[in-house]
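These notes are about the structure you will find just below.
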Amino acid sequence: MAAVETDDEFLYSLHRAALGNVVEATWGPWDDSTQRGFHDDSFDPNRVIVVLVDGEVAGVIDTHQSSDTALYVSRIEIMPTFQGRGLGTRLMHRLIEDARAADLCVVELDVLQVNVGARRLYERLGFLVVREEAPKQRMRLELWPSPNAGGQPGPSDSVNPSP
């Protein structure tokens, strides 16, 4: 379901619950003012989807089209009680399929280097590290080139084999 302005405080607490240990492993003890600033600067209810499982909030996704051919995943956070159940995998599969349906060529994201579980998930899905800027890694999944970008046809395009 789409987020609304009043979800701000809850989504900040979800951020802390989902990534607090990763943030602390990267930058030391949780600094509420720094993390609040990060959240306030990045929270846009027009882009955020609240993920529900059986009516319970399980996580949040924030994506945007960063170019004519790329989808950027700026935030995917899963509540600890829902982690390890394949929800992140299902959500990422859905984002990838949506990107393909929109004729995008690339899905990109940044992940903190210490977030080993997330990095493994992205690698399993085919993402590759394309840039290291400690403490983050930029990861990219190349989809097929978009026909709109003058590339090769994708799986949904019909191709006539040569005789």
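Take the Cβ atoms of residue 53 and residue 132, set R0 to 25 Å, and the FRET efficiency comes out at 0.15. Derived scalar couplings between HN and Hα for the range 12-21 equal 5, 5, 5, 4, 5, 5, 6, 10, x, 5 Hz in order, rounded to whole Hz, by the Karplus curve 6.51 cos²θ - 1.76 cosθ + 1.60 (θ = phi - 60°), x for Gly and Pro. What angle do you read, to the nearest 10 degrees and between 0 and 90, between the alpha-carbon axis of helix 87-101 and the longest principal axis of the chain? So the helix axis and the longest Cα principal axis differ by about 40 degrees. Remark: the range 74-126 is approximated by an ellipsoid whose semi-axes, taken from the C-alpha gyration tensor as √(5λ), come to 20, 13, 9 Å, largest first. This model, with +1 at the C-beta of Lys and Arg and -1 at the C-beta of Asp and Glu, gives the range 5-146 a dipole about its Cα centre of some 700 debye. Please say if the range 1-82 is rounded, prolate or oblate, where rounded means a/c under 1.5 for a ≥ b ≥ c the square roots of the C-alpha gyration tensor eigenvalues, and otherwise the choice is prolate for a/b larger than b/c and oblate otherwise? Cα axes put the range 1-82 in the oblate bin. Overall size of the range 5-146 from C-alpha positions, given as principal axis extents largest first: 42, 35, 29 Å.
Listed values for the range 35-47 are Karplus-derived 3J(HN,Hα) couplings in whole Hz (6.51 cos²θ - 1.76 cosθ + 1.60, θ = phi - 60°), namely 5, 5, x, 4, 4, 4, 5, 9, 6, 10, x, 6, 10, and x replaces Gly and Pro.
Each reported figure results from applying straightforward, stated rules to the coordinates on display, with no laboratory input. Worth saying up front: this structure is predicted, and the values here are computed from it rather than measured. Glycine also receives a Cβ, built like all others from the backbone with ideal geometry; neighbour counts cover every protein chain displayed.
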